[in-house]
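Quick note: the coordinates plus some simple rules give every number you see, no bench work behind them. As the structure is a prediction and not an experimental result, all values here were calculated from the model. As a convention, Cβ positions derive from the backbone with ideal geometry for all residues, glycine included, and neighbour counts pool all protein chains shown.
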Amino acid sequence: MRAVRDRLRLVYGVPVAGPHGQPIAELILTVLSQSTSDRNRDVAYLGLRERLGDWEAVRDAPVEAIEAAIRPGGISQIKSARIKAILGAIAAGGELDLAWLVQRSVPEAQRYLTSLPGVGRKTAACVLLFAFGMRDVPVDTHVSRVGARLGLLPSGAPFEALHDTMLAITPRGQELEFHLNLLRHGRRTCYARRPNCGGCALQRMCPSAFRV
Ligand code: SF4
C-alpha cells in the first residue's frame, strides 16, 4: 500500500480538500451520481436546489416535481423516489439533520446510513469521509477494479467485503488520498477495457500489467 501510495502521489499529488460538513448534500449528491457523469450529476443537483430549495422543501415536494428537477441526471424516476424516501426516513427520526453522525463511531454511523432506503456501503462511506472526514473509504467501480488488478482487493468479492478489506489496508488518515488517487488512476490510466499498462506508473509493481 505504501509503495502504491507513493507512486500515485508522484502522478496525482496529495488531495487537500477537507470535510465540508454537509452530510445530507453529500448523500443526495451520491444518489444523483448513480449511472451518470459528474457533470450531469452536478446539473441535476443544482436543478434540485434551485427549483425546490432546502431539504425540507425537497422532502415535502411531490415526487414528480423532484423527478422533473433532476431529469438531466438520468434514471430520474428511480432517483426521485429514492431521494424522497431517504429524506422522509431521516426526518422520521426527528429533525431532518445528520450532523449528529459525527459524534458516533464509524460502525454505528455506517449502520444508520445503510438502514436508509437504497443506501449502500459506498454511499455511506462517501457521506462519512467527504462530509465529516471519518475513517471510511468508498469503493466504487474504479477503485475496486484498480485495487483488484494491483492485488490489493479480492477480485469479484461483494462490495460489502471490498469495503471492509479496503478499510483494513488503508493507513489511518490516508482514506481520502487512497480513494481519490485510485479513482483518478482508474479514470485516466487503468481503464476497464484496454488499460494503458505501457504508460502506467504502477507497472513494475502490478501483477496484472500487460495481462488484462
Ligand atoms: S499496470 Fe496496467 S493493470 Fe496494472 S494498474 Fe497499471 S494500467 Fe492497471
> What order do you get for Glu95, Glu26 when you list them from fewest to most C-beta neighbours inside 10 Å?
Replying inline: Glu95, Glu26
>> Restricting to Cα pairs below 8 Å that are 6+ residues apart, what does the relative contact order work out to for segment 120-212? Please round to a whole percent.
In response: 28
>> Using a 10 Å cut-off around each Cβ, can you sort Cys200, Cys126 from fewest to most neighbouring Cβ atoms?
In response: Cys200, Cys126
> Relative to a virtual label point 7 Å from the Cα of Ala68 in the Cα→beta-carbon direction, which members of segment 14-51 show backbone nitrogen distances below 16 Å?
Replying inline: 47-51
> the chain: Rg/Rh from Cα coordinates, Kirkwood Rh?
Replying inline: 1.00
> GNM on the chain, C-alpha springs below 10 Å: top fluctuator among Arg121, Arg59, Arg172?
Replying inline: Arg172
> Expressed as a whole percent, how much of the Cα-Cα distance distribution for segment 23-132 exceeds 16 Å?
Replying inline: 55
> How high is the relative contact order of segment 23-132, in percent, with contacts defined as C-alpha pairs under 8 Å that are six or more residues apart?
Replying inline: 32
> How many angstrom lie between the C-alpha centres of segment 84-141 and segment 143-212?
Replying inline: 24
